[in-house]
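K.L.:
Below is a structure I'd like to ask you about.
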Ligand code: ADP
Ligand code: MG
């Protein structure tokens with residue numbers, strides 16, 4: 001795609017972020033370094049971004065009035081969560097450009113629309129069915145070979161709003177009914193459970209004037225549908241890494257993306273690369289970009305939405321992260337102590353990133369550890385060793 005003249009929003013301007021979770025926090029910290037002012041909107045007045053922003057508006061994801069109010073004081077508005085209502089985006093866009101915009105968000109917010117969009121534009125995806133009733137689900141499970149992931153069309157994340165069927169023998173009618181109830185008996189998508197070799201992701205940035213840059217692929221390790229650790233660059237065959245990058249760039253260009261887009265992909269045991277899902281914001285699998293790359297995903301997000309030249313995405317040295325879930329805090333509390341951060345930080349080249357969330361809950365992302373290494377394998381080994389010491 002051809003590049004147009006830039007209309008940069010220069011440092012000193014104010015950036016609004018819809019959502020003040022850890023992604024908003026880390027974006028805000030990058031924006032601060034560049035000299036921007038930042039406002040966020042989040043339902044939680046004690047959200048992770050709060051300590052690092054100029055103003056925090058307490059409001060839910062459907063609060064179009066507050067979204068518009070925040071946007072009035074901003075030069076550009078972006079987001080850190082895709083569950084923001086389209087009404088909020090439209091309301092904000094009356095006062096400031098919203099990047100990424102409502103057209104892309106409308107497609108991404110609904111897993112059915114997202115998958116259909118990918119198919120329509122020729123991107124490779126696994127076998128799936130859109131289901132809107134228990135009967136449709138029963139048919140879908142049969143047609144997809146019996147072993148499936150069921151995901152609610154809207155609202156899920158980190159494995160929430162998901163159920164699995166057929167993993168412990170043939171799926172019975174009862175198991176399917178239970179799965180339907182578990183995801184909320186609403187419109188959802190049934191996906192054939194794929195035999196995975198690996199999971200990778202590619203973060204791509206595109207600016208309003210049309211400059212596009214994709215980071216080298218990350219390799220991601222999930223357990224119970226939650227990301228456990230991730231490393232950049234993915235230690236995978238170069239042809240696969242190139243193919244993954246191309247897919248991400250093509251998706252960004254097809255959407256005429258303004259901002260960031262993370263493309264999660266599956267590598268199946270028979271060597272196919274399939275798109276799993278899209279996230280129009282910074283992504284957990286690119287936290288290591290802060291240490292691995294010349295430009296972090298958070299700075300790239302700011303550069304993209306402000307139409308500044310995109311930063312170099314080259315990997316200077318491999319880096320890995322491991323997520324710290326509330327479970328670590330709960331486990332330590334059982335032993336009447338707090339996590340041993342001092343022990344973890346004694347591992348060479350390990351850094352700690354905490355999101356200042358007050359209440360640890362099972363499965364809640366509280367922070368991460370990062371490490372660099374001479375190789376991707378060494379970075380992963382270090383970060384896992386540090387996590388073990390907590
Ligand atoms: P979330 O929005 O919670 O990240 P995902 O669709 O990415 O939801 O699913 C979370 C994880 O569950 C994936 O990263 C993968 O490990 C596993 N998973 C999801 N769908 C499939 C599938 N069709 N086949 C195999 N594994 C899957
Ligand atoms: Mg995912």
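K.L.:
Please state the relative contact order of segment 3-98 as a whole percent: Cα pairs under 8 Å, 6+ residues apart?
P.N.:
30 percent.
K.L.:
Let me ask something additional. Quick check on segment 1-77: of the DSSP beta bridges with both residues there, what percent are antiparallel, nearest 5%?
P.N.:
0 percent
K.L.:
Next question. Order these by the 10 Å Cβ neighbour count, fewest first: 335, 211.
P.N.:
335, 211
K.L.:
Another question, if that's okay. Percent relative contact order of the chain, based on C-alpha pairs within less than 8 angstrom and at least six residues apart?
P.N.:
14 percent
K.L.:
While we're on this one: Taking 1 over the mean of 1/r across every pair of different Cα atoms in segment 66-212, what Kirkwood radius in Å do you get?
P.N.:
The Cα-based Kirkwood calculation yields 17.3 Å.
K.L.:
Starting from one equal scatterer on each C-alpha and no solvent at all, send me the Debye-based log10 I(q)/I(0) for segment 217-256 at q = 0.15, 0.20, 0.23, 0.35 Å⁻¹, two decimals.
P.N.:
-0.46, -0.71, -0.80, -1.01
K.L.:
Per 10 Å bin, what percent of the C-alpha pairs of segment 174-327 does each bin hold, from zero upward?
P.N.:
Pairs per bin, as whole percents: 11, 37, 32, 15, 4, 0.
K.L.:
Shifting gears a bit: How long is the gain from residue 182 to residue 359 if the chain were fully straight, where each residue apart is worth 0.36 nm and the alpha carbon distance is subtracted?
P.N.:
Extending this stretch completely gives an extra 61.2 nm.
K.L.:
List the equivalent ellipsoid semi-axes of segment 3-98 in whole Å, largest first, each obtained as the square root of 5λ for an eigenvalue λ of the Cα gyration tensor.
P.N.:
19, 17, 11
K.L.:
I would also like to ask the following. Suppose only helical runs count, i.e. DSSP H with n ≥ 4. What mean residue ellipticity at 222 nm does that imply for the chain under -39500 (n - 2.57) per run, divided by all residues and rounded to the nearest 500 deg cm²/dmol?
P.N.:
Computed ellipticity for the chain at 222 nm equals -9500 deg cm²/dmol.
K.L.:
For segment 266-374, what is the Kirkwood hydrodynamic radius in Å, using each pair of distinct C-alpha atoms?
P.N.:
That comes to 16.3 Å for segment 266-374.
K.L.:
To continue, here is another question. What is segment 114-174's relative contact order, in percent, from Cα pairs under 8 angstrom and six or more apart in sequence?
P.N.:
Relative contact order of segment 114-174: 23 percent.
K.L.:
Taking other Cβ within 10 Å of each residue's Cβ, how do 227, 345 sort, fewest first?
P.N.:
Going from sparsest to densest Cβ surroundings: 345, 227.
K.L.:
Once you have the Kirkwood Rh of the chain from its Cα pairs, apply Stokes-Einstein at 10 °C and 1.306 mPa s and quote D in µm²/s.
P.N.:
Using the Kirkwood radius from Cα pairs, D works out to 74 µm²/s.
K.L.:
A further question on this structure: So which residue, out of 101, 12, 20, gets the largest mean-square fluctuation from a GNM of the chain using Cα contacts under 10 Å as springs?
P.N.:
Top of the fluctuation ranking is 12.
K.L.:
Which order results if 281, 72 are arranged by neighbouring Cβ count within 10 Å, fewest first?
P.N.:
With the sparsest Cβ surroundings first, the list reads 72, 281.
We did not get these values from a lab; they are worked out from the coordinates using the rules stated. Predicted model, so just to flag it, every value in this text is computed and none were measured. Positions of Cβ are generated from backbone atoms using ideal geometry, with glycine treated the same way; all protein chains shown enter the neighbour counts.
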